[in-house]
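S.K.: My questions will all concern the structure given below.
The values are calculated or read from the model by the stated rules, or taken from the named source; none is laboratory data. Quantities reported herein were computed from a predicted structural model and do not represent experimental measurements. Here the Cβ positions follow ideal geometry from the backbone for every residue, glycine too, while neighbour counts run over all protein chains shown. To get the accessible areas, we keep the full protein, side chains included, count just its heavy atoms, and leave off ligands, DNA and RNA. Shrake-Rupley method; radii C 1.70, N 1.55, O 1.52, S 1.80 Å.
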Amino acid sequence: MTSRTPRAGIPDEAADPAAGTGWRGLQPALLPLRRLLLLATLLPAAVACALALAVTVGGLWPVCAVLPLAAAAWGWGALGRNWRSWRYAERADDLLIARGVLWQELTVVPYGRMQLVEVTSGPLERRYGLATLQLHTAAARTDAEIPGLSPAEAERLRDRLTELGEARAAGL
C-alpha cells in the first residue's frame with residue numbers, strides 16, 4: 001500500500017500511524033555516489049554544449065553551457081534532500097518505507113505478502129560499500145526497494161524478512 005501526501009520530509013511522529021517506530025535512514029555513502037553520477041552526466045554535457053556552440057555559432061552562445069552547470073548545482077542540493085527523506089522501519093506485521101521530498105510516499109509491505117527478497121550491489125555500489133534490498137510481493141504495486149544499505153544490514157534484513165514472510169505465509 002502506498003500513500004502520498006503533499007508534505008515534505010519524513011513521516012511526522014505525531015501524525016504517523018507508526019508513531020514510536022524506530023525509523024532508520026540510508027548509509028551516508030549513497031549521497032556521494034549519487035552526486036558522482038550527477039556530475040558524470042552533466043559536466044560532459046556542459047563541455048559538449050560549450051564546444052558545439054563555440055564551433056558552430058561563436059560569440060556569447062557558449063555561455064549556454066551554464067545551463068547544465070546550473071542543473072548540476074540544483075541537483076546537488078536536491079539529491080541531499082532526497083537522501084535525507086528515505087527511511088524504513090520494521091514493525092510486527094509489516095515493513096514501512098518512507099521517501100519523498102515534495103510528495104511523500106509511505107509504502108507498507110506486509111510480511112505475509114513477500115514472495116522474494118533479494119540483495120543487489122552493482123560495481124559502483126560495491127566500491128562505496130552499499131547494497132540495495134529489493135522486495136517482490138504478490139501485487140506488483142507493492143514491490144519496493146531500499147537503496148543505500150550497508151551489505152551487512154541488507155543481508156540481515158533479507159534473512160529476517162524472508163523468515164518473517166515464510167512464517168506469515170504459512171499461517172494463511
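S.K.: Please work out the average accessible area per residue across segment 99-172, using the 1.4 Å probe convention, and give it in Å².
M.R.: Heavy-atom accessible area per residue stands at 55 Å².
S.K.: Rounded to a whole number, what is D in µm²/s for segment 64-132 from Stokes-Einstein with the Kirkwood radius over alpha-carbon pairs (10 °C, 1.306 mPa s)?
M.R.: Once the numbers are plugged in, D ends up at 106 µm²/s.
S.K.: Now for a different question. Given Cα pairs under 8 Å that are at least 6 residues apart, what percent is the relative contact order of the chain?
M.R.: It comes to 26 percent, rounded to a whole number.
S.K.: Follow-up question, since we're still on this one. Normalised radius of gyration for the chain, please: alpha carbon Rg relative to 2.2 N^0.38 Å, two decimal places.
M.R.: Numbers: Rg = 20.3 Å, N = 172, 2.2 N^0.38 = 15.6 Å.
After normalising by residue count via 2.2 N^0.38 Å, the value is 1.30.
S.K.: Across 10 Å bins from the origin, how do the percents of Cα pairs in segment 16-89 run, short distances first?
M.R.: 18, 33, 22, 15, 8, 4, 0
S.K.: So how long is each side of segment 101-172 along the principal axes, counting just the alpha-carbon atoms, biggest first, in Å?
M.R.: 41, 32, 16
S.K.: Helix-only estimate, please: 222 nm mean residue ellipticity of the chain, summing -39500 (n - 2.57) across DSSP H runs of length 4 or more and dividing by its residues, to the nearest 500.
M.R.: It comes out at -14000 deg cm²/dmol, rounded to the nearest 500.
S.K.: Would you mind getting me the FRET efficiency between Glu145 and Ala52? Use the beta-carbon distance for r and R0 = 25 Å, nearest 0.05. If you can, show how the numbers build up before the last one.
M.R.: Working: r = 37 Å, r/R0 = 1.50.
The pair Glu145/Ala52 has a calculated efficiency of 0.10.
S.K.: Hey, another quick one. How much of the accessible area of segment 112-172, in percent, comes from carbon and sulfur atoms when a 1.4 Å probe is used?
M.R.: Answer for segment 112-172: carbon and sulfur cover 50 percent of the accessible area.
S.K.: Let me ask another. Starting from the 7 Å offset along Cα-to-Cβ, what nm value, one decimal, do you get for the label separation of Leu37 and Ala92?
M.R.: Each label point is offset 7 Å from its Cα along the Cβ direction, giving 3.8 nm.
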